[in-house]
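Heads up: the structure comes next, in structure tokens.
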Amino acid sequence: MAASVPDYSQADSKFPKASRTKMIISRVPLAMMALTFTSIAVRYMIAPVQAAATAGITFTSADGITVARVGFAAFPLAFALLALFCLLSERRILFGLVITLTVLSVVIATRAIGIALDHSGMANARLFVPEGVMTGLSIVAMRIELQRRREASRKELYPSA
């Protein structure tokens, strides 16, 4: 009897190339949200006065600085942590994508209302592009995740198929 080395080619792997690509795409919006909101939170947690000044915001009291830390650092950090926890748990990916899409939709709507009411300029309008890209990716990722779940439940119901 001769010993042979099993052939573990990509075609026979547990996750075919297309599945791995879909798995990555379904997680990208969560990673982007975690990174983006962590970046915002850290900037406002460490140096709220300087971070706000770049947007033309000034504070006149220590209480105002604390309010800024809560509003501009704590809330983004909470969303970043939610995205990260969902990213790390396969069964919570869809929930995380719903959170991501909800937050982005509210941010885009609020930005649009603010631009219309405040007549703010291109500095705000240019942020529609990355927010729109993240929204689009979130929608695609949700579709991929829903398809994955349908296929998994189909395999569970019909194991021989």
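Some notes on this structure:
Each row is one residue, and each column tells you yes or no for (1) part of a helix (DSSP H, G or I); (2) at pLDDT 95 or above; (3) among the polar types (S, T, N, Q).
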| site | (1), (2), (3) |
| --- | --- |
| Ile99 | yes, yes, no |
| Ser105 | yes, yes, yes |
| Glu131 | yes, yes, no |
| Gly136 | yes, yes, no |
| Gln147 | yes, no, yes |
| Glu151 | yes, no, no |
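- Within this structure, Arg143 passes the test of being closer than 15 Å to Pro29 by Cβ, within 18 Å of the chain's Cα centre (by Cα) and among the basic types (Lys, Arg).
- Leu94 surrounded by 10 or more Cβ atoms within 10 Å (Cβ to Cβ) and within 16 Å of Ser26 (Cβ to Cβ): yes
- Residue in the stretch 109-119 that is without any contact (Cβ under 8 Å) to a residue 24 or more places away in the chain, part of a helix (DSSP H, G or I) and either under 19 Å from Ile25 (Cβ atoms) or aromatic (Phe, Trp, Tyr) (or both) present: no
- The stretch 108-161 - residue that is small (Gly, Ala, Ser) and over 30 Å from Thr54 (Cβ atoms) and, of those, surrounded by the fewest Cβ atoms within 10 Å (Cβ to Cβ): Ser160
- Residue match in the stretch 75-84 (condition: touching a residue at least 60 places away in the same chain (Cβ under 8 Å), touching a helix residue (DSSP H, G or I) at 6+ places or on another chain (Cβ under 8 Å), surrounded by 15 or more Cβ atoms within 10 Å (Cβ to Cβ) and in a helix (DSSP H, G or I)): no
- Among the residues of the stretch 50-66, those identified as over 18 Å from Leu77 (Cα atoms) and part of a helix (DSSP H, G or I) are Gln50, Ala53, Ala62, Asp63, Gly64.
The values are calculated or read from the model by the stated rules, or taken from the named source; none is laboratory data. Predicted, not measured: the structure shown is a model, and the values here were computed from it. Reconstructed Cβ throughout: ideal geometry from the backbone, glycine too, with neighbour counts over all protein chains shown.
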